[in-house]
Amino acid sequence: MPARTAADAGDSLLLRIILSDEDGPSSRGEDPFQRTPPPTATGPGDGDLRHLPLTAALESLPTHRVLYEVGALDEFRRTCDNLYQRVRALFFLYAIHRFHFPERRAAISPGDADGQDDSAHECDAEEGGRERYVFCPKGYAALLDRRFDESIDYFLASVPTSSSGTLSIDSHTEERRGVGSGDGRTGLYASPQRTSLISRMDYCRSDSAATTTSVDNSSYRRYSSPRGDGGDVHFSRRSPPSGACGSTAGSPPGKRFGPRYDPDETFLLPSDATSSALARGYRSLAFQTLADQVQDSVRGHPGNEWMFQTTSVGDHPLRFADELLGPSGGGGELPTLLEKTPVRMDISHSCWSDIFFLGMDFPEAARVINCSVDLAVVSLQDGVEHPAPTPPIECRLRLTTENPGTIRLKSVDLESEVLLTKVSQVFDYGADYLGLLKGGLVASGIVPSGLERCGDDVPMCDLIAAMLVCSPEECRYGLELVTTVKNIPKGSRLAVSTNLLGSIIAVCMRATGQTGNMTGTLTEEERRLVAARAILGEWLGGSGGGWQDSGGVWPGLKLIHGVKSRPGDPEFGVSRGRLLPRHHLFSRDEAPPSLLEGLERCLVLVHGGMAQNVGPVLEMVTEKYLLREEEEWIARHRSMEIFDDILSALRHGDIKAIGSLATENFFGPIRSVIPWASNVYTETLIARVQAKYGSKFWGFWMLGGCSGGGMGFIFDPDSKKDALYGLGSIMLNTKREMECSLPFAMDPVVFDYSVNENGTIAELDCSGNRTPTGKCRRPEQTRDLEVLLDDLEFDASEQEQIRSDLLRGSIGLSRNRLPPSTILTDVTAEDVILVNRNTTADSTRNVGIDALSAGEVGIVTLAAGVGSRWTNGAGVVKALNPFCCLGNDYRSFLDVHLAKNRRISKQTGSFPLPHAVTTSWVTDGPIRSYAETNDDIPLYISKGRSIGVRMIPMLRDLKFAWQEQSKQKLDEQAEKVRDSIKSALMSWAESSGEGADYTDNIPSQCLCPVGHWYEVPNLLLNGTLARMLRDRPQLKVLMLHNIDTIGADVDPSLLGKFLETGSTLAYEVVPRCIDDMGGGLCRVNGKPRLVEGFALPSEDDELKLSYYNSLTTWINVDGLLSLFGLDRQDILAKSEKIPDAIHAFSRRVPTYVTIKEVKKRWGHGQEDIHPVAQYEKLWGDMTSVENVDCSYFVVPRSRGQQLKDPAQLDEWSRDSSAAALDSICEWSK
């Protein structure tokens, strides 16, 4: 199909943007050293139109027209062969449904300005069926099964029965923003309000030091052009060029894509729920499309094709080199082939320009400078000399007579080894710690990928014999591969895993004659093949990084840059750039020898102790690149300019300038593209280093995907020796202060380093030296668990009863479910009360204001948890986690909740509301310390008295969780790895003893709260409610909320409505979106109540439910006490009947078994993630108890949304939620 151009876009503005000239003014050409042209104001030319931000384009279009654009985009992406155009169309569709349509619904629904559409949450599920569903079940099943195209079709087909309304030009009044819109932009349609979540710390150029200052980042940042013209570089926010929005006057003749825009046509606006499902489908399809192209490019790279075509060991083309059999042809001690490989250190990656898609679409901007380095760990003890830096990665390969016909894999640093006797075992990547070594065997060709499709379980002896050219019966040798990584912790951002994989592949290629020389360095083409196969190996292992990560295979300092695709490349005709870049080794003119010597004298490399998953960061970079939003696009161009300046500084050997530019790059472009690349720990370190070293501190740079792990600090050379030790002390002290609130994997480490001028290099060792030994697993410093349980007055009898029930099968995951005979339906309009600013009378709000002014209201924040999902089981105090920047500073969850308390108290002229914070033994100490620093809001710390010991899960529960409960299916290879890991974990559970206490970890990971139902009774048991009543006798109402329900505040309208209902409890629910899985509000046998997701009789039942539980609850204090058979006097007098009353009531609340994840840390930042079982009673089940009078308030999503995963934060900052939160906070500083 001939390539489409902008002339084919017809009336669609968004298609014109996608199809605009690919080589606009931002194109730098083929020379990677040529300076980058600056971004220009958006004008009528196609090259500029291509970079028009999506938001800027949509702000000029009414919703009727946006619906037309959506249809044109969907039709286009189905037939487009160009990778960039198809993927950008998918991201446009995702962003419109996820961010823009919610704002448009509010704008065109004057009676419902919060975007809630009570009638929009029901749609027909099956043709001719009577059941009503919020989400099409077939579409949801296809989504989980990665049939994204199919899921999108199902969701689109459901729009007619689930739409928010029918739109034509005259069917609604849609207001544009007027003169007083706040940001000065007028005449534009509604768009989501983005919130900058960058801290106040900024970079200012200085001749004397890398200086940071506090600035106001409340508005978009502008980066001054360094070209001396004094002007700001920015895009103008204006309406699209004449003729772009509907008019086709002046367009070239010829076939246009899709139908013309018809102003008289009627369009359907999807419901919130359907839009959220479509958004997820489009985004998932976009990333799957990118992944498929990467895999195709890797498979098609010259030298890789044969590995996928070899499906029989008899067809194996490789043979072991004769040198491995020694000079006597196999007699005596056999030689060992030793590969030594450095790691790579970034100097700049131009805002993650090495991610595959950016390099394949915008190769001119894809430029990285990195350096191959050897490392040594610096001892922080005075007087202890550290060894000289050496290549940190070693791989040893040899033939051995010890286990003929097998492959033995061993990792010295991981203390793990395995003997492979079947070919199929190589492809079981998640069965042990050696998945990377297995991936290297496959990617190198020793075990070709095509053998995975072999129907028979081939003995490894057959493969070894084929490579030795003998029969299996004559095979006298086995293969041994041993790897060592010397003291580099996980999360170093030095691409250790990729370079280890490259080292494995290189040594295996040498051993099988795939290189010109068995020893020495590699040729350029051999290095390129190793890099391509390393990408293949990472994909096989279910992971992946950027194309610069294998930089350690090359020597010294190099510029790695994208290259345009040409005929013969697998990418030609599909993308503008190739998958793999070029590696340019700097000449003496481009980087004099004094430069590298200067870097060694000035740079201190460190590992800050944090190990984070950078996968979501890389996805966000891709998304932001395609959407071209203004701030990120300006930042990307500024990073390109900084890169040019770094090249100039390298040429002149100016280390100080490099430090200054690296610092500016971090505080400017990097944080603007991805705020989550920074964190309070990193910025505190920088501030403290600056304070200690002043003008001797020359700069900071971030290594890899985000900071907190691998980082670099540049000092005056006279100060480096002191900084080697001083920086370690600063990091350790800062880590001690923050380790309760941030997920540290280990204590910080300082490295000494030297530039490696060889790259990966091999030698043949005939001395008989055997495998090196090492010790990696170190026991954690733990407090005796039994002593701690005694201190906590642990109820061992209840634990034994739970264990007995679990072993007997009377409780378990399958038993959590309501009986199959349960009649479950969605609630009706009569079951809920819609509460927002347009449905609440002023008189109701005044009732709430009066109650606040009278001091009748308090707050209860549930903060006993350690954020299992937030940190993947790391065990931090989630309440104190500084999750984002608001008000120009880092804020924890508890900071935010107190800021809302402060504002509502000030707004209503009342005293600060009494604020109770519930804790567990893990969170109590840190939260009490935090409370001591708060002097303007009365905090009541309610320590939980209910605790349990986690247990080894039952195999039947693991099978139920993994096999019978629906989960999002992963990419094909990642899914294989996940299945393999599950199998290994089931073996772990069986060998550890099903139902046994989980005690092989630190106490904070072994103990658990037993559900948030207990937190309210604990207020009665531990005297917290009594103290609140004594201090505030008029207290009548408590607002209870979870720590991560971040938008909930004591809103006078909701308070007034609760008082008017007279209910004992009122739960807040939000309209359901696709990610809100885990139960909700429904009718159970005719009674409205909340049901947890794991308690639903069928998983499809959840798709029927219109509303999701936020858990925020309004509590009538006297009504609640009455339920327990108590009154105020009992509480104030600490009556002895309180425990019995609560215990009796607790028997009316169901107990669930759940599976959680915990981390067991060991070695140098290594982590095992174990599934554990725990039992819980949940607060929402109060609605299931007879004679409890409950109401249900439907509130805006910005109020009820829960933040459970850090990956949510980017969307949260872009969909107006963060802006809504900031508007209801009063910051103390």
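The values are calculated or read from the model by the stated rules, or taken from the named source; none is laboratory data. Bear in mind that the values here come from a model prediction, so they are computed numbers and not experimental data. Counting neighbours? That spans all protein chains shown, and the Cβs are built from the backbone with ideal geometry, glycine included.
Here are a few things to note about the model shown:
- Filter result for V458 (surrounded by fewer than 22 Cβ atoms within 10 Å (Cβ to Cβ), of a type in the set (V, I, T) and over 21 Å from E402 (Cβ atoms)): yes
- Selection of region 1071-1100 for residues being acidic (D, E) and either farther than 21 Å from T1151 by Cα or at pLDDT 95 or above (or both) yields D1075, D1076, D1100.
- Residues of region 544-578 that are outside any loop (DSSP other than H, G, I, E, B) and either of a type in the set (A, V, I, L, M) or within 28 Å of G435 (Cβ to Cβ) (or both): D549, S550, G551, G552, V553, L557, L559, I560.
- Sub-7 Å Cβ pairs linking a first residue in region 778-799 that is within 14 Å of W921 (Cα to Cα) to a second residue that is surrounded by 10 or more Cβ atoms within 10 Å (Cβ to Cβ) and modelled with pLDDT of 80 or more, at least 6 apart or interchain, are R783/P1003; L785/T999; L785/P1003; L785/C1006; L788/P1003; L792/W921; L792/I947; F794/I947, ordered by first then second residue.
- Selection status of A851, over 37 Å from the mean Cα position of the chain (by Cα) and on the phi < 0 side of the Ramachandran plot: yes
- Only one entry of L479, L468 meets the criterion of being surrounded by fewer than 22 Cβ atoms within 10 Å (Cβ to Cβ), touching a strand residue (DSSP E or B) at 6+ places or on another chain (Cβ under 9 Å) and over 22 Å from G759 (Cα atoms), and that entry is L468.
- From the options I937, I941, I1002, I981, residue that is out of contact with any Ser or Thr (no Cβ under 7 Å at 6 or more places or on another chain) and within 21 Å of A879 (Cα to Cα): I937
- When T871, T923 are screened for being in a helix (DSSP H, G or I), polar (S, T, N, Q) and on the phi < 0 side of the Ramachandran plot, only T923 passes.
- The listed residues are L852, L824, L813, and the only one of them that is outside the structural domain of T908 (by TED's automatic domain parsing) and in contact with a Leu (Cβ under 9 Å, 6 or more places away or on another chain) turns out to be L824.
Rundown of residues vs (1) buried (at least 18 other Cβ atoms within 10 Å of the Cβ); (2) under 25 Å from D1127 (Cα atoms), yes/no style:
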position	(1), (2)
I1169	no, no
L1178	yes, yes
D1181	yes, yes
L1203	yes, no
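- Contact map, region 301-322: residues that are farther than 24 Å from G405 by Cα paired with residues that are in a loop (DSSP other than H, G, I, E, B), Cβ distance under 8 Å, separation 6+ or inter-chain. Pairs shown: H301/P570; H301/L579; H301/L580.
- Within region 28-66, considering residues that are part of a helix (DSSP H, G or I) and within 17 Å of H637 (Cα to Cα), the one modelled with the highest pLDDT: L49
Matching residues to (1) polar (S, T, N, Q); (2) at pLDDT below 85; (3) surrounded by fewer than 11 Cβ atoms within 10 Å (Cβ to Cβ):
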{"site": "D791", "(1), (2), (3)": "no, yes, yes"}
{"site": "R808", "(1), (2), (3)": "no, no, yes"}
{"site": "G812", "(1), (2), (3)": "no, no, no"}
{"site": "D826", "(1), (2), (3)": "no, no, no"}
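- Condition met for S1223 (more than 16 Å from P882 (Cβ to Cβ) and surrounded by fewer than 19 Cβ atoms within 10 Å (Cβ to Cβ)): yes
- Matching option when the condition is aromatic (F, W, Y), touching a Phe, Trp or Tyr at 6+ places or on another chain (Cβ under 9 Å) and at pLDDT 85 or above, among F751, F715: F715
- Candidate set from region 584-598 (those that are in contact with a strand residue (DSSP E or B) (Cβ under 7 Å, 6 or more places away or on another chain) and either crowded, with 22+ Cβ neighbours inside 10 Å or closer than 30 Å to M731 by Cα (or both)); member that is modelled with the lowest pLDDT: L596
- Those residues of region 946-1004 which are in a loop (DSSP other than H, G, I, E, B) and more than 26 Å from V866 (Cα to Cα), in sequence order: K969, L970, D971
- Flag for S594 being touching a residue at least 12 places away in the same chain (Cβ under 8 Å) and of a type in the set (G, A, S): yes
- Every listed requirement among (1) within 30 Å of R98 (Cβ to Cβ); (2) surrounded by fewer than 18 Cβ atoms within 10 Å (Cβ to Cβ); (3) of a type in the set (S, T, Y) is met by S1106 save one, (2).
- Residue in region 541-548 that is touching a His at 6+ places or on another chain (Cβ under 9 Å) and either surrounded by fewer than 24 Cβ atoms within 10 Å (Cβ to Cβ) or of a type in the set (F, W, Y) (or both) present: no
- Count of region 705-722 residues, restricted to those that are in contact with a strand residue (DSSP E or B) (Cβ under 6 Å, 6 or more places away or on another chain) and either surrounded by fewer than 24 Cβ atoms within 10 Å (Cβ to Cβ) or under 28 Å from R194 (Cα atoms) (or both), is 2.
- Candidates Y429, Y433, filtered to the one that is of a type in the set (S, T, Y), assigned to a loop (DSSP other than H, G, I, E, B) and touching a helix residue (DSSP H, G or I) at 6+ places or on another chain (Cβ under 6 Å): Y429
- D1075 vs. criteria closer than 30 Å to T274 by Cβ and either surrounded by 21 or more Cβ atoms within 10 Å (Cβ to Cβ) or touching a Gly at 6+ places or on another chain (Cβ under 9 Å) (or both): no
- Whichever residue in region 935-993 is under 19 Å from Y433 (Cβ atoms) and small (G, A, S) and, among such residues, is surrounded by the most Cβ atoms within 10 Å (Cβ to Cβ): A989
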